[in-house]
Each structure stands twice: as C-alpha cells, then as structure tokens.
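The values are calculated or read from the model by the stated rules, or taken from the named source; none is laboratory data. Just so it is clear, the structure is predicted and the values come from calculations on it, not from any experiment. Backbone-built Cβ (ideal geometry, glycine too); neighbour counts: all protein chains shown. Each accessible area value is taken on the protein alone, full model and side chains, heavy atoms only, with ligands, DNA and RNA left out. Shrake-Rupley method; radii C 1.70, N 1.55, O 1.52, S 1.80 Å.
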Amino acid sequence: MKQVVQNYKSGELAVLDVPVPGCKPGGVLVRSAFSLISTGTELMKVSEAGMSMLGKARSRPDQVAKVMQSVATNGVPATYRKVMGKLDSYTPLGYSLCGVVEQVGAGIDDVKVGDLVACAGNEHALHAELNWVPKNLYARVPDGLAPRHAAFGTVGSIALQGVRQGEPQLGEVALVIGLGLIGQLVVQLLAASGVRVVGADPDPARCELAERLGAQAAGDPESAAVESAVAELTGGHGVDQVYLAAGGGSNQPVELAARLCRDRGRVVDIGKCRLDLPWNAYYEKELDVRFSRSYGPGRYDPEYELEGRDYPIGYVRWTERRNLACFLDLLARGSVDVEPLISHVAEFDDAVETYQRLKDGELKAVAVLFRYPRRAGEAEVPAKAPAVAVPAVDMRPAPVRAARTPVRLAFVGAGNYATSMLLPHLTQRDGVELSTVVTTTALSAANAQRKFGFAEATTDLDAVLGDKSIDAVFVVTRHSSHAELTRRALLAGKTVFVEKPLALTEDELAGVLAAVEESGNDRLQVGFNRRFSPLLREARQRFGTRTGPANLRYLVNAGRLQHGSWYLQQGTEGSRFAGEGGHFIDTASWLLDADPVSVYAVATSGNEDLQVVLRYPDGSTATISYVTTGPAGFPKETLDLVADGRALRLDDFVRAAVYDGRRKRWVGSRLPKARDKGQSAELAAFVKAVRTGGPMPVPLQSLVATTAATLAVQAGLAGGAPVTLARSR
C-alpha cells in the first residue's frame, strides 16, 4: 500500500510503498476514502524538517535536554545511533480521516465490514491507503454524511474540546483569535451554542469566511474594528471567553486576550502559540487560563487509546470517542458546515506536490483533503476484502544443524533498541543476511528495510515462521509479547534471540519450556548482554578463581521514566524490574558462576525502589539496589565484588579495577563515550552458534534460572519472605 511519509533529517517528503498493517485484536482495518491535512500542525512539522540541525535543536529544546541526559547515561556512540536513527527515519503524517472498514479485529462488535467510520490519531489515522485503528479512536459515520465531511472528525473534536473547556453559556460573547481551520470550527461551534462570536485574524479572507459561518464580526487584531465590536456586544465589559487558536511566535494573542476579556473571564489555549502572560493584566482581572488537550479525555492514555478501556460516562461525559461522535452528529444535522472550509481536494498520488505548494505559499488554504483512489471494480460500499493466502507454518521442529553461509536472520520488531543497539552491529558483520523484518505498523518495517538492508518487510509473522530459509528469529517487541512469540518461533524450529525479559509470569515461562519440550528445540538466547562486556570480562579474568563465598553489591540508578513511557503500563507490560531486572541478576550470577537458590526483596512505598538479595549455593550473596530516585548525574550502574581478600569494582562500564591486599592489581578504563555493555560481542557469539550449530552462548538452564529469580522478586514483595528457587545446577 502507499503512505505519505517525511524524513525529519533531510526534510524529504515521499509517497512510499509500505506493508499493509495487520488487523490486530481490539481494532479495525480501515481503507481511507478521504484524509484531511492539518494546515497548522502538519505544516509546522514539515517546516521544522526543512531546518538545519541547529534550527531543529532550537525549535525543540525539550528534545535536546533528553539527548544530553542520554549521553550522560549511555555514552556518545549509543546516543548518536539512537538520535540519528530517529532523525533519519520516515515518519508518518496525518491524523484525521474517513474510510471504510475492511477487516474487523477480535473483540470488536460495534462496526462491521463495509461500515463508514471517521478515525483519529497521529499513529492510526495517517495519510495512508490502509490504517489499523483501535476501538476508542474511531466512530461510525451517521447515515447521509458525506465521507469528505466526516474526514474533519478529528480536527472537529479538537475544536469541540476547546469549546468545552471554555464552558460557554447562552447569550455570552466570545473572542476567537486565529481563524485558521480550528478557529473557523470554534466559531461555528460557539454560534451553534448560542454564543455571539467576534473573530480576530490578520487575513481578510479568513475574517470574511468567519462572518459567513456565524461570527458577529471579525477583523485584524491590530485594528480598532475588533475592539469596537467587542465593546458594542458586551456593553464595554469585555468578552466572557477568549479562544487562542493562533500559532507562531508572537505574544500578541495573549496580550489581546487580556485587553478584551472581562473581569474573571476565561482564556482557553487550543493552538500552540506563545504564552508569555503579562502578569499585571492577568492578575488584575483574575483571568482563568485553561488549556485544551487535543481531542479530549483519553488522549495520551494508552489504556484508553490502545487497550480500549473506556471511562464511565457518569464520571467522564465527553471522552475522545464521544467528542468524535458528537462532532459527526453536529455535521450530520447541519449545525456545523465544513464544505466552505475546503479550499482544495488533491488526489492522494499528488500528496508531495500538494505539501510543497502549501509550504511555498502557492496554495493558500484553510482545509485540504486527500482523495484516495478506489480499487478497480470496487462498489460504492465495498464488500469484505478478499482473504490473502498465508503459507502454512510447519510446526515440526527443524533438526539442529550448521546453517548455511550467510546466516539468514529475521527481526520481529524494529523499535529504538533494535535499531540503535542490535541492527547496527549486525549490518557490519560478515556472513549475516538480514532477510525479513516484521512489525505491526507498516512504516516501522519500511524504515528498517531502508536503513538496514532487509530483503523484505512485512506485517505477516506467520509467513516468516513458515519460511524454512530463515535460520534465526530475533524477538525485539514489547515485553508482554516476548514469551508467546518465542514459543511460536521455537515450535517452528527457529533459533531464537529474544530481548529481556523472556517471560513476565510463571505461566509464560512454563509455556516457553513446554514449547522446548514439545519441539526438542532449545536453541534460545535471551539478550542478557552485560556478561559479554569486554571491560567486565577482563575484570573477571583478572580477579581470578574464588575459593570462598563472595559478597556482591550492584547499585542500579535507573532514574525516573518519562511520562507516557510504555514501561509504565504495568497492567500489560509487567513491573519495571520484571522488565529489566534480569540484566542485573544475570550479571551477578555470571560473576559468581552459579544460579541463585533464594530471593528476598523489600521495597519502598510504591515498589519503585527495590533491594533484592540473592543467595547462592556456596553461601555467596548478591544485593541489587534498584533505585529510581537517584540524581541524574550519578552513574547508572556500579558494582563491587569482594571475596578471598580481593575486590572487583566496575564503574558504569567506563572503568574497572581489581584490588589485592593494599594495592590495585589492575585498572581498566574506556572513554565514557565508548561505553560498551556487550551487545556486539553478544551478537557475535549468537551468530557463531547459529552458523556452526554449536552450543548457545548461555545455557538454557541459566536463562531459566535468571528469569525465575526475576519473577520471584514480585512474589517476595507480596509475601514479605524469602522465596526458595529450584536448583538448576
């Protein structure tokens, strides 16, 4: 299928051929009929992409701060790969469309194939021929409403949420500053609510349009006309509400709002404009400044948007989806008219030219639509799409053998970690062929194919598992899917590399082991990379063989997670320690050359900061302090191992030392920018095992023991007592 994309690094716009997204449970696959260009938000993004790197940095200081923190934590090379990987990737455009339901995922019963729906979301309602849309981000289009009008549903919801934040009442007077697409919709919604409206915009054509659509008056904000109209309509008291629907770097809108708003009036920010509030003006009138967050309650909440968990109507009357349905109803009843806003309808194939004309100012428009071509022979309301034949998966295990050269690898998942920490090492390795990349979203697969040279990109996992020419499968997806994908790949006879964690529950771990038992295929590696770190391996060698028990202390300064991180979705993705704690348990067990026999865990309030004590068969102990409240400038990982009158110290994979008696016997160091946590060596060992058919880099029993110990932490926290583990070696 085709999709409009942009490379943020180069500014390139393209209509790209990408795989068709899969129809996942909890949503529907929609074939686009019309999609709407947001002439504000999207053109701002297009303009930013055309800036120099310095210009991009100046426009996004928040992102620059994140980059600097990443440098301090992960070093320059890893941060550079991650940042450039994001910049030099195609990103999608669009977030408002109307289309026809082509497939219905499991759990969906409110629409059927052939229904017309309006869709929302900058990850789900893209300028693309097909989109997978979760339940709470689509609404059925009322009978009789034209698809080109229903495509305004998302921007209409943004305007509607802004109006709700202003709490307008019959007979009040409102000022709308900025008469672009959102501003014109706000004018109509206010007029439909019985509010008299004054508009302000420097463009005379937009002012004239606003007056045709219901504004009592509209004019240039720097002219006396707007102030006179407000004075006449309010008896000199000022407007009850001001809606800021303007963009740009001028502070004029907030200053005008203060001047023309009444005492204790409301100022609602809908757009992205400068907000240097003149303190005296806002204080003296005690103005109520409010923000309108996108489409409404539910926005940025993954449980609502992705998992379909609705908010009870008795507590949250107007959610994202209810706003979308409400706006569609207003359109259907004629309370709002979007036809006068449509300046241009472009064919989807002409998308790049259309964006360029908008950017250059050649095409002056309030709203622009893309019209998508119908397939040959397609009816007005298309029937269900013909099923695509999928190769059957041979579930019989393949015998362990030396693989062909080159080794053919497939990746399931192509997120930040895969593209910054794994794939760059594999693309540089001789004897490796990147065969297929599988993702749930079409564009991420296309990006990985372009950047790393995969022969194929798809959203069809079964086709990969059924491809006998593929030697090994990398599972680099979200934590909740690791165990099931690993189980399926093992049953298909593949050698598997799965990023940590292997499993989030004991049942999931048992399922993986059952797959090993059923298939006879134990060719499994979990991405515990720290034991492969060159600095740590040399330190261990220098420390030498122990004769007595050891004490190990591992301090992990994990830091706070950013708001919105999927690591915070504990209901589906497990606790944070369950997700990454295996790294530290595996490192401790490797240094002590044994698997733990018991786990004791205690936590601070909220279970964010943990103390985990592991006991080993020879009496050795390892204490892992996992903290989220430490300072950002403190090293992320520090480790001390003491035994037999000797000590090993590791400082964040930058420095290491071995002490013997009163002196340092060995010191090793690397430049902070060259911090190496072992990914390259880990991948080399894995590829060698696949190519030669030799033993896996880490024994299966060790992977299982580490996973079981990680899972035991949560059980220990719940029970308040040590958890005994089964002996594995």
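Data overview
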{"item": "Of all accessible heavy-atom area on region 114-250, the percent that carbon and sulfur account for (1.4 Å)", "result": "47 percent"}
{"item": "When the convex hull of its Cα atoms is projected in every direction, mean area for region 160-304 (nm²)", "result": "8.5 nm²"}
{"item": "Residue-by-residue Karplus 3J(HN,Hα) for region 653-669, coefficients 6.51, -1.76, 1.60, Hz, glycine and proline x", "result": "6, 10, 9, 9, 8, 10, 10, 9, x, 9, 9, 7, 7, 7, 10, x, 8"}
{"item": "Under Karplus coefficients 6.51, -1.76 and 1.60, residue-wise ³J(HN,Hα) of region 214-222 in Hz, glycine/proline x", "result": "x, 6, 5, 7, 7, x, 5, x, 8"}
{"item": "Interchain or long-range residues, amide H under 5 Å from Cys261's placed H", "result": "Val239"}
{"item": "Average accessible area per residue (Å²) across region 519-570 - probe 1.4 Å, nucleic acids and ligands excluded", "result": "48 Å²"}
{"item": "Cα-centre dipole for region 622-719 with unit charges at Cβ (Lys and Arg positive, Asp and Glu negative), debye to 20", "result": "440 debye"}
{"item": "Accessible solvent surface per residue of region 126-201, calculated while the other protein chains remain in place, 1.4 angstrom probe, Å²", "result": "24 Å²"}
{"item": "Angle in degrees between helix 576-592 and the longest Cα principal axis of the chain, rounded to the nearest 10", "result": "20 degrees"}
{"item": "Antiparallel bridge percentage (DSSP; both residues within the chain; nearest 5)", "result": "55 percent"}
{"item": "Charge dipole (the chain, unit charges on Cβ, about Cα centre) - positive-most of Val654, His583, Gly298", "result": "Val654"}
{"item": "Sorted largest first, extent of region 558-659 alpha carbons per principal axis (Å)", "result": "46, 32, 21"}
{"item": "Cross-link partners of Lys112 among aspartates and glutamates (Cα-Cα below 15 Å; sequence separation of 8 or more within a chain)", "result": "Glu102, Asp143"}
{"item": "Peptides 31-37, 101-107 ordered by average Cβ neighbours within 10 Å, highest first", "result": "31-37, 101-107"}
{"item": "Calculated [θ] (222 nm, deg cm²/dmol) that DSSP helices of n ≥ 4 give over the chain, each run adding -39,500 (n - 2.57)", "result": "-10000 deg cm²/dmol"}
{"item": "Sequence-distant residues sharing a close amide H with Cys273 (under 5 Å, placed H)", "result": "none"}
{"item": "Size of electric dipole in the chain: Cβ of Lys, Arg +1 and of Asp, Glu -1, about Cα centre, debye, nearest 20", "result": "3080 debye"}
{"item": "Extended-chain gain in nm, criterion 0.36 nm per residue less alpha-carbon gap, Glu484 and Glu222", "result": "88.1 nm"}
{"item": "Charge-dipole axis of the chain as Lys and Arg at +1 and Asp and Glu at -1 on Cβ define it, positive-most pick from Gly236, Val597, Thr427", "result": "Val597"}
{"item": "26 Å Cα-Cα threshold exceeded, pairs from Lys272/Lys451; Lys135/Lys272; Lys135/Lys451; Lys451/Lys500; Lys9/Lys500", "result": "Lys272/Lys451; Lys135/Lys272; Lys135/Lys451; Lys9/Lys500"}
{"item": "Calculated FRET efficiency for the pair His237/Ser10, C-beta based, R₀ 60 Å, to 0.05", "result": "0.70"}
{"item": "Diffusion coefficient, µm² s⁻¹, Stokes-Einstein with Kirkwood Rh over alpha-carbon pairs of region 257-330 at 4 °C and 1.567 mPa s", "result": "88 µm²/s"}
{"item": "Per-pair calculated FRET efficiency, R0 = 25 Å: Thr91 and Asp430 via Cβ, rounded to 0.05", "result": "0.20"}
{"item": "Percent carbon-and-sulfur accessible area, region 628-693, ignoring ligands, DNA and RNA, probe 1.4 Å", "result": "52 percent"}
{"item": "Isotropically averaged projected area of region 510-609, using the convex hull of Cα atoms (one quarter of hull area), nm²", "result": "9.6 nm²"}
{"item": "Potential lengthening between Ser343 and Val316 on full extension [0.36 nm per residue; Cα-Cα distance subtracted]", "result": "6.1 nm"}
{"item": "Inter-label distance for Ser598 and Thr545, nm, one decimal - labels placed 7 Å from Cα along Cα-to-Cβ", "result": "2.9 nm"}
{"item": "Options Ser444, Val464, Val496, ranked by Cα towards positive dipole end of region 433-524, top entry (Cβ charges)", "result": "Ser444"}
{"item": "Radius 14 Å from Cβ of Ala210, net charge of other residues (Lys, Arg +1; Asp, Glu -1)", "result": "-3"}
{"item": "Sites Val642 and Asp288, calculated FRET efficiency, Cβ-Cβ separation with R0 45 Å, nearest 0.05", "result": "0.15"}
{"item": "Folded to 0 to 90 degrees: helix 181-192 orientation relative to the chain principal axis, Cα", "result": "60 degrees"}
{"item": "Alpha-carbon centroid distance for the pair region 673-689 / region 271-318, whole angstrom", "result": "46 Å"}
{"item": "Sulfur and carbon atoms: percent of accessible area, region 431-508 [1.4 Å]", "result": "44 percent"}
